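J.: Before I ask anything, here is the structure I am working with.
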Amino acid sequence: MLKISTSVADGGVVTLRLDGRLTGQWVKLLQGTCEARLGKGARVVIDLTNVSFVDREGLAVLRGLADRNVEILNALPFIAEQIRKAAQ
């Protein structure tokens, strides 16, 4: 299960705070949410503070979003390393 909380700061920066596990159908939910915001020209930040697990598909989506200048914050060290490795 994954919960996505959205907040918008001054300057239009959209922060998506994730809680739970980024797996299966939740990966598509995150991707759709990000695409909708990016399509409107927003700067998007993803906060992974409360994410305990990311599957392979989730890692690929996070890596692709990072390549599009989406900032990914507060990932557990293991998850951050897996995102970095997904780029190779």
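J.: In sequence order, what are the phi-derived ³J(HN,Hα) couplings for the range 6-23 according to the Karplus relation 6.51 cos²θ - 1.76 cosθ + 1.60 with θ = phi - 60°, rounded to whole Hz, with x for glycine and proline?
T.: Once rounded to whole Hz, the list reads 10, 9, 10, 8, 4, x, x, 6, 9, 9, 9, 9, 9, 10, x, 10, 9, 9.
J.: To the nearest 20 Debye, how big is the dipole of the chain about its Cα centre, given +1 on the beta carbon of each Lys and Arg and -1 on that of each Asp and Glu? Kindly include the intermediate steps, with their values, before the conclusion.
T.: Working: 12 positive and 9 negative charges, 28 e Å.
It comes to approximately 140 debye.
J.: Tell me the angle of helix 56-67 to the major Cα principal axis of the chain, expressed in degrees between 0 and 90 and rounded to the nearest ten.
T.: 40
J.: Where Rh denotes the Kirkwood radius from the mean inverse Cα pair distance, what is Rg over Rh for the range 17-86? It would help to have the intermediate numbers written out before the result.
T.: Details: Rg = 11.0 Å, Rh = 11.9 Å.
For the range 17-86, the value is 0.92.
J.: Name the trypsin sites (Lys or Arg not before Pro) in the range 1-47 that are in a loop by DSSP and that have at most 13 other C-beta atoms within 10 Å, would you? Intermediate results must be reported in sequence, preceding the final value.
T.: Details: sites: Lys3, Arg17, Arg21, Lys28, Arg37, Lys40, Arg43; in loops: Lys40.
Qualifying residues, ordered by number: Lys40.
J.: Moving on. Positive end of the charge dipole of the range 17-86 (Lys, Arg +1 and Asp, Glu -1 on Cβ, about the Cα centre): tell me which of Ala36, Val51, Leu76 has its Cα farthest that way.
T.: Ala36
J.: I've got another one for you. What distance in nm separates the two pseudo spin-label positions at Lys40 and Lys3, each 7 Å out from Cα along the beta-carbon direction?
T.: 2.2
J.: What do you get for the angle between helix 77-86 and the principal long axis of the chain? Use alpha-carbon atoms, 0 to 90 degrees, nearest ten.
T.: Approximately 90 degrees, to the nearest ten.
Computed from the coordinates by the stated procedures, all read-outs in this text should not be read as laboratory data. Worth saying up front: this structure is predicted, and the values here are computed from it rather than measured. With ideal geometry, Cβ positions are generated from the backbone for all residues, glycine too; neighbour counts draw on all protein chains shown.
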